[in-house]
Amino acid sequence: MNETRDLKTQENREVESQGRSDTYLRPAVDIFEDANGITMMADLPGVSSDRLNIEVDRNTLAIEGQVSFDMPKDMEALYADVRATRYQRSFTLSNELDTEAIKAEMKDGVLTLNVPKRAEHQPRRIEVQGA
Amino acid sequence: MLGYLRGFDDIFDQVERMNREMEGLFGNRPAWSGIRSVAPGTFPAINVGSSAEQVDLFAFAPGLDPATIEVELQQNLLTIAGERKVELPEEKELYRNERFSGRFRRVLSLPEDVDPDQVNASYKDGVLHITVKRSEVARPRRIEVH
């Protein structure tokens, strides 16, 4: 009896979540590379570090963030450039990158992500011996 | 057995509710056609909300030093200006450069009943939040019936 009811609520919830608007904001990024790896900086204003989700699944790096800020309860919108509350963007990584060693830092709404190259792909300087 | 999962559902529901509230609030606003309106994507993006007591402005301006943001309110005309310096290393391979860099300035007219002497500005997680109180006379008053 209870189980049945649980299932029913779950169904309702699924229907509800399909109905919600699934619009995401696409964060602006800068991406550059040096000998040690790739650095990405992403603008995620309004996202605190605990509402940020970075996931690596095989070769896909996905960033997701939830905007939250203090808003008076009875507020009415007058004007809005930002019309969604979630950021999402994903990238495909390549094999020479070490996904286990990704470093991320969040400051003032800017995410800095560092993806190092695997040790064997980092350039080694080869000494040329004089005769 | 499903009992312990319900706790997570509640948290999920709370986040969802918050999303819906914010998206419901700002999601369906028609585009502003004001004479000072700017092209979509202009830095910083701005949302403005109003309640009986105050007007709240949120400027999505990540990566700034709050001390360098200029906020000016003349009567009901609000100006936000500043500079964002994005320093990218020159010798490195640059693949994408989408983030705004340089000086910015945005001017917005707020409702006319704001009190320019009661302004408050704070900066958190890259969002500049400006609160301007509405002047006392403009606020709706509850009139007691005796």
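Overview of values
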| read-out | value |
| --- | --- |
| Partner chain coverage, peptide A:45-51 - average Cβ within 10 angstrom | 5 |
| Charge dipole of the range B:32-138 about the Cα centre (unit charges at C-beta), most positive-ward option of B:Phe43, B:Asn97, B:Val107 | B:Asn97 |
| Inter-chain Cβ neighbour average for residues B:119-131, partner chain, 10 Å | 4 |
| In Hz, Karplus ³J(HN,Hα) per residue of the range A:28-35 (6.51, -1.76, 1.60; θ = phi - 60°; x = Gly, Pro) | 6, 10, 10, 10, 9, 10, 10, 4 |
| Additional length obtainable on full extension of the chain from A:Glu33 to A:Phe91, 0.36 nm per residue less Cα span | 19.4 nm |
| Carbon/sulfur fraction of accessible area - the range A:89-131, other protein chains in place, 1.4 Å, % | 44 |
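The values are calculated or read from the model by the stated rules, or taken from the named source; none is laboratory data. Please read all numbers here as calculations on a predicted model, not as lab measurements. Glycine gets a Cβ as well: all are built from the backbone with ideal geometry, and neighbour counts include every protein chain shown. Accessible surface areas use protein heavy atoms only, side chains included; no ligands, DNA or RNA. Shrake-Rupley method; radii C 1.70, N 1.55, O 1.52, S 1.80 Å.
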